[in-house]
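The values are calculated or read from the model by the stated rules, or taken from the named source; none is laboratory data. No experiment lies behind these values; they were computed from the predicted model shown. Neighbour counts run over all protein chains shown; Cβ positions are idealised from the backbone, glycine included. Ligands, DNA and RNA are stripped out before the accessible areas are found, and what is left, the full protein with its side chains, is counted by its heavy atoms. Shrake-Rupley method; radii C 1.70, N 1.55, O 1.52, S 1.80 Å.
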Amino acid sequence: MTKEEAKAQLGQLARARAFGCHVGSDRLIQAGLDALLADVDSPSLPLLAGLARRDEPEAPELFDQVLDELGLSFAPPADPTAAKWAHACWLAGQITDGSLDPATGADLIWTEVAEALDHPDALRPIVHCAISLAGQDDDRTESFEALRLDALQAARDLLGHRPPP
């Protein structure tokens, strides 16, 4: 893993936590270890990377210190609606960069964002894909792979036409 990849991993975990996703202490420690092995320099990084299983409760605080030291801290917008849109765009970005399966990502956008925003039109294409992929669309005639590709395209379209927060 390169230094840039390690920092990107730390940033992704920071965003996941900021958007309310559960990120276990073991993942935070592993990300710290990966960053340390990739020669990322931060005073708190060796402390995070060296935590033992019994010390896992300390991981979130140390992880936050590492983020601060590296300038990677992330806070979603204060406005709840803008925060949900930011979450949708973050998930769509992960779908398009290949780090999140399109079916899983579409489902997360449907359940964690679209429902909270009362199903806005801008999310309708990706929600339709999520419903079809979940097998809840009785008119489903496309293959699973074709539906995954549709979800990927819907994620790209969402990023290309970001709706106002």
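Name the residues in segment 94-122 that are among the small types (Gly, Ala, Ser) and either free of Cβ contacts under 8 Å to residues at least 24 places away in the same chain or surrounded by 16 or more Cβ atoms within 10 Å (Cβ to Cβ) (or both), would you?
Correct list: Gly98, Ala103, Gly105, Ala106, Ala114, Ala122.
Checking Trp90 against (1) assigned to a helix (DSSP H, G or I); (2) open to solvent by 10 Å² or more (accessible area, probe 1.4 Å); (3) farther than 23 Å from Pro77 by Cα, which test does it fail?
Trp90 satisfies every listed condition except (3).
If Ser99 satisfies every condition in (1) modelled with pLDDT under 95; (2) under 20 Å from Ile131 (Cα atoms) but one, which is the exception?
Checking Ser99 against (1) modelled with pLDDT under 95; (2) under 20 Å from Ile131 (Cα atoms), the one that fails is (2).
Residues Pro57, Pro77: which one is loosely packed, with under 14 Cβ neighbours inside 10 Å and not in a helix (DSSP H, G or I)?
Within the list Pro57, Pro77, the selection yields Pro77.
Surrounded by 12 or more Cβ atoms within 10 Å (Cβ to Cβ), farther than 13 Å from Thr96 by Cβ, out of contact with any Leu (no Cβ under 7 Å at 6 or more places or on another chain) and at pLDDT below 90: does that describe Pro165? Give the steps one after another, and end with the answer.
Working: surrounded by 12 or more Cβ atoms within 10 Å (Cβ to Cβ): yes; farther than 13 Å from Thr96 by Cβ: yes; out of contact with any Leu (no Cβ under 7 Å at 6 or more places or on another chain): yes; at pLDDT below 90: yes.
Yes: the conditions hold for Pro165.
Please list, ordered by first then second residue, the pairs with beta carbon atoms under 6 Å, 6 or more apart or interchain, first in segment 11-40 and within 12 Å of Val66 (Cβ to Cβ), second of a type outside the set (A, V, I, L, M).
That search, which allows pairs on different chains as well, returns Ala14/Phe74; Leu28/Phe63; Ala31/Gln9; Val40/Lys3.
Regarding segment 87-101, can at least one residue be identified that is out of contact with any Leu (no Cβ under 6 Å at 6 or more places or on another chain), over 30 Å from Leu62 (Cα atoms) and of a type in the set (D, E, K, R)?
no
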